[in-house]
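Visitor: This structure is in structure tokens; I'll ask about it shortly.
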């Protein structure tokens, strides 16, 4: 978060409106998670030190507040965009959310932030078509789980395969044909990534014609990231951001809400977020 804040402190981001992320309401968390799961996460938070939930997911005394601000910030961003108070929004919060399943924390994630935002858009704003595009290097298994039975949602994930968590094959289609997985081979570079989006992802979004477009913006597909082997650059993230904004301009008055997911090389993460936010600002102008 410090690296991202420093990158967005440059003069070119002066028009950027910055808001504090509110805490999610329990009712928002319950759009995707059962009450006993939310309570289990609450009870797992230690007063001090670190508690390990699984092999990858640890919590400290501040983890619940951070996760609730991530989900609350995403829902608030949806409200701002739907009410016309912002053209689009980026929710710069950690922990990420796209690996958290209905009743299982995993992969650093406690709550399904982007899925909660999608369900919030449907229930509060009455939307019938909400698209979620996830370009994190890891498959968004949690978002897929939470939206699998949701006919009003289209979930598209591009991700390296093979790679943890091992899900996200092309034949995982959702209960209503509402899931599209696009596995990418290790070493996939920017030109190949762009061709795949132009051939597969963008046409599917055009066919769906979303009323709101949500992005799970993970930047660990960057060539410098230590956790995977894709070879994207910040210019590729800028390109895909622009392409997704153009889809939103055609179908939903440019309404886009992006939520931060992965990205673990701090310099690459900061540069990629800056490129992403710069395009969002240009497209909202």
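Visitor: Could you grab me the full set of residues in region 252-272 that are within 18 Å of residue 130 (Cβ to Cβ) and in contact (Cβ under 8 Å) with a residue 60 or more places away in the chain? Walk me through how you get there before you give the answer.
Guide: Step one: list which residues in region 252-272 are within 18 Å of residue 130 (Cβ to Cβ), which gives 252-259, 261.
Within region 252-272, 254, 255, 256, 257, 258, 259, 261 qualify.
Visitor: So is residue 95 without any contact (Cβ under 8 Å) to a residue 40 or more places away in the chain, buried (at least 17 other Cβ atoms within 10 Å of the Cβ) and either over 28 Å from residue 167 (Cβ atoms) or touching a helix residue (DSSP H, G or I) at 6+ places or on another chain (Cβ under 7 Å) (or both) or not?
Guide: In short, yes.
Visitor: Quick one: is residue 224 surrounded by fewer than 20 Cβ atoms within 10 Å (Cβ to Cβ), part of a loop (DSSP other than H, G, I, E, B), in contact (Cβ under 8 Å) with a residue 12 or more places away in the chain and touching a helix residue (DSSP H, G or I) at 6+ places or on another chain (Cβ under 7 Å)? Please lay out each step first, then the result.
Guide: Working: surrounded by fewer than 20 Cβ atoms within 10 Å (Cβ to Cβ): yes; part of a loop (DSSP other than H, G, I, E, B): yes; in contact (Cβ under 8 Å) with a residue 12 or more places away in the chain: yes; touching a helix residue (DSSP H, G or I) at 6+ places or on another chain (Cβ under 7 Å): yes.
Against the criterion (surrounded by fewer than 20 Cβ atoms within 10 Å (Cβ to Cβ), part of a loop (DSSP other than H, G, I, E, B), in contact (Cβ under 8 Å) with a residue 12 or more places away in the chain and touching a helix residue (DSSP H, G or I) at 6+ places or on another chain (Cβ under 7 Å)), residue 224 qualifies.
Visitor: Which residues, taken from region 153-168, are in contact with a helix residue (DSSP H, G or I) (Cβ under 8 Å, 6 or more places away or on another chain) and buried (at least 18 other Cβ atoms within 10 Å of the Cβ)?
Guide: 153, 154, 155, 156, 157, 158, 167, 168
Visitor: Further question: Which one is nearest to residue 190 (Cα to Cα), of the residues in region 252-282 that are in contact with a strand residue (DSSP E or B) (Cβ under 8 Å, 6 or more places away or on another chain) and surrounded by fewer than 20 Cβ atoms within 10 Å (Cβ to Cβ)?
Guide: 265
Visitor: Still on this structure, I have one more. Could you count how many residues in region 227-251 are more than 18 Å from residue 184 (Cα to Cα), surrounded by 23 or more Cβ atoms within 10 Å (Cβ to Cβ) and out of contact with any helix residue (DSSP H, G or I) (no Cβ under 7 Å at 6 or more places or on another chain)?
Guide: Here the count works out to 2.
Visitor: While we're here: Can you name every residue in region 82-114 that is touching a strand residue (DSSP E or B) at 6+ places or on another chain (Cβ under 7 Å) and closer than 11 Å to residue 28 by Cα?
Guide: Hit for region 82-114 is 113, nothing else.
Visitor: Look at region 128-143 and say how many of its residues are surrounded by fewer than 24 Cβ atoms within 10 Å (Cβ to Cβ) and either within 15 Å of residue 215 (Cα to Cα) or touching a helix residue (DSSP H, G or I) at 6+ places or on another chain (Cβ under 7 Å) (or both).
Guide: Counting residues in region 128-143 that are surrounded by fewer than 24 Cβ atoms within 10 Å (Cβ to Cβ) and either within 15 Å of residue 215 (Cα to Cα) or touching a helix residue (DSSP H, G or I) at 6+ places or on another chain (Cβ under 7 Å) (or both) gives 1.
Visitor: Would you point out which residue out of 125, 120 is in contact with a helix residue (DSSP H, G or I) (Cβ under 7 Å, 6 or more places away or on another chain) and crowded, with 24+ Cβ neighbours inside 10 Å?
Guide: Details: 125 fails: crowded, with 24+ Cβ neighbours inside 10 Å.
When all the criteria are applied, what remains is 120.
Visitor: All but one of (1) touching a residue at least 24 places away in the same chain (Cβ under 8 Å); (2) on the phi < 0 side of the Ramachandran plot; (3) surrounded by fewer than 24 Cβ atoms within 10 Å (Cβ to Cβ) hold for residue 214; state the number of the condition that does not hold.
Guide: Tallying (1) touching a residue at least 24 places away in the same chain (Cβ under 8 Å); (2) on the phi < 0 side of the Ramachandran plot; (3) surrounded by fewer than 24 Cβ atoms within 10 Å (Cβ to Cβ), residue 214 fails exactly one: (3).
Visitor: Restricting to region 227-251, give me the number of residues that are touching a strand residue (DSSP E or B) at 6+ places or on another chain (Cβ under 6 Å) and either on the phi > 0 side of the Ramachandran plot or without any contact (Cβ under 8 Å) to a residue 60 or more places away in the chain (or both).
Guide: Number satisfying all stated conditions: 2.
Visitor: When you scan region 13-32, do you find a residue that is within 26 Å of residue 257 (Cβ to Cβ), without any contact (Cβ under 8 Å) to a residue 24 or more places away in the chain and part of a helix (DSSP H, G or I), even just one?
Guide: Yes - at least one qualifying residue is present in region 13-32.
Here, each number is a calculation from the coordinates, and none is a lab measurement. What you are looking at is a predicted structure, and each value in this text was computed from that prediction instead of being measured. Backbone-built Cβ (ideal geometry, glycine too); neighbour counts: all protein chains shown.
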